[in-house]
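To keep things clear, I will list the structure first and then write my remarks on it.
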Amino acid sequence: MWESYSQTAKEKMENNVSAFRSRLRKIRTGRAHPALLESVTVLYYGSQTPLSQMANITSPSPRSLVVNPWDEKALKEIEQALARANLGINPQNDGKVIRLNLPELTEERRKELVKEVKKEGEKCRVDLRNNRRGIMEEVKKAVKDKKLSEDDQKQVSDEIQKLTDHFVEQVEKTIQAKEKEIMEI
């Protein structure tokens with residue numbers, strides 16, 4: 001019975017860490033990566049369409065991205081969407097593809113990005129602790145309702161704490177890796 005609490009906690013915490021990593025992929029590190037354009041949507045035939053569903057996005061060099069649309073008629077809309085996306089990159093349209101050249105990050109900007117990464121990490125740790133607290137409240141309620149024994153409660157508490165520690169450690173390692181990537185010149 002208590003394994004279900006542990007499994008629920010594990011799933012919720014995996015989702016927290018996955019969402020955290022997804023948010024970090026959108027933070028520019030000075031290296032070109034197609035994930036930088038994940039959040040860009042284009043007004044295409046009257047509806048907002050993710051850029052990844054309209055074009056092939058490649059990174060031919062560490063400092064550039066190339067957006068090759070499947071429909072050349074959408075080139076202008078894609079260019080406008082990239083300009084509106086506030087990425088700090090000016091799209092260059094050559095009539096067939098759009099090139100995005102990433103400027104070198106300044107030391108000050110790198111430090112700002114590291115702060116942003118740490119802030120996202122702290123949000124994730126708070127989410128993990130909130131999940132732990134929520135599961136523990138469910139466990140206490142189950143003990144009160146006589147659905148779980150106090151021995152099971154102790155076992156679940158230990159398991160949930162181990163899971164929380166494990167996922168917090170994953171967040172820390174992810175933060176350190178991203179910080180190293182940002183500060184790398």
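The values are calculated or read from the model by the stated rules, or taken from the named source; none is laboratory data. Nothing here was measured: the structure is a model prediction, and the numbers come from that model. Note that each Cβ is placed from the backbone with ideal geometry, even for glycine, and that neighbours are counted across all protein chains shown. For the accessible areas, the whole protein counts, side chains as well, though only heavy atoms, and no ligand, DNA or RNA atoms are used. Shrake-Rupley method; radii C 1.70, N 1.55, O 1.52, S 1.80 Å.
Within segment 106-117, residues that are more than 13 Å from GLN176 (Cα to Cα) reach partners that are of a type in the set (S, T, N, Q) with beta carbons closer than 9 Å, at six or more positions or on different chains, in the pairs ARG110/THR29. Does segment 91-108 contain any residue that is small (Gly, Ala, Ser) and within 21 Å of the chain's Cα centre (by Cα)? No, segment 91-108 contains no residue that is small (Gly, Ala, Ser) and within 21 Å of the chain's Cα centre (by Cα). Has segment 100-107 got at least one residue that is more than 26 Å from LEU37 (Cβ to Cβ) and either surrounded by fewer than 18 Cβ atoms within 10 Å (Cβ to Cβ) or in contact with a Pro (Cβ under 8 Å, 6 or more places away or on another chain) (or both)? No: segment 100-107 contains no residue that is more than 26 Å from LEU37 (Cβ to Cβ) and either surrounded by fewer than 18 Cβ atoms within 10 Å (Cβ to Cβ) or in contact with a Pro (Cβ under 8 Å, 6 or more places away or on another chain) (or both).
Here LEU105 meets the list (1) farther than 25 Å from LYS10 by Cβ; (2) at pLDDT 85 or above; (3) of a type in the set (A, V, I, L, M, F, W, C) almost entirely, failing just condition (2). In this structure, LEU100 does satisfy being assigned to a strand (DSSP E or B) and of a type in the set (A, V, I, L, M). When segment 25-54 is filtered for residues that are buried (at least 20 other Cβ atoms within 10 Å of the Cβ) and assigned to a helix (DSSP H, G or I), the ones remaining, listed by number, are LEU36, LEU37, LEU51. Looking across GLN155, GLN176, one residue alone is loosely packed, with under 13 Cβ neighbours inside 10 Å and over 19 Å from GLU38 (Cα atoms). It is GLN176.
To keep it simple, each residue is scored yes or no on (1) closer than 20 Å to LEU24 by Cα; (2) assigned to a strand (DSSP E or B).
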residue: LEU65; (1), (2): yes, yes
residue: GLY95; (1), (2): no, no
residue: ARG109; (1), (2): yes, no
residue: GLU116; (1), (2): yes, no
residue: ARG125; (1), (2): yes, no
residue: VAL139; (1), (2): no, no
residue: LYS147; (1), (2): no, no
residue: GLN153; (1), (2): no, no
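Taking each residue of segment 40-67 that is within 19 Å of PRO103 (Cβ to Cβ) and looking for partners that are open to solvent by 70 Å² or more (accessible area, probe 1.4 Å) with beta-carbon atoms closer than 6 Å, six or more apart or interchain, yields PRO62/ARG31; SER64/ASN101; VAL66/PRO60; VAL66/ARG99. Of the residues making up segment 81-94, those that are modelled with pLDDT of 85 or more and open to solvent by 40 Å² or more (accessible area, probe 1.4 Å) are GLN92, ASN93, ASP94.
The set of residues from segment 43-64 being at positive phi and among the aromatic types (Phe, Trp, Tyr) comprises just one member, TYR45.
When SER59, SER6 are checked against the criterion of being surrounded by 14 or more Cβ atoms within 10 Å (Cβ to Cβ) and assigned to a helix (DSSP H, G or I), a single residue qualifies: SER6.
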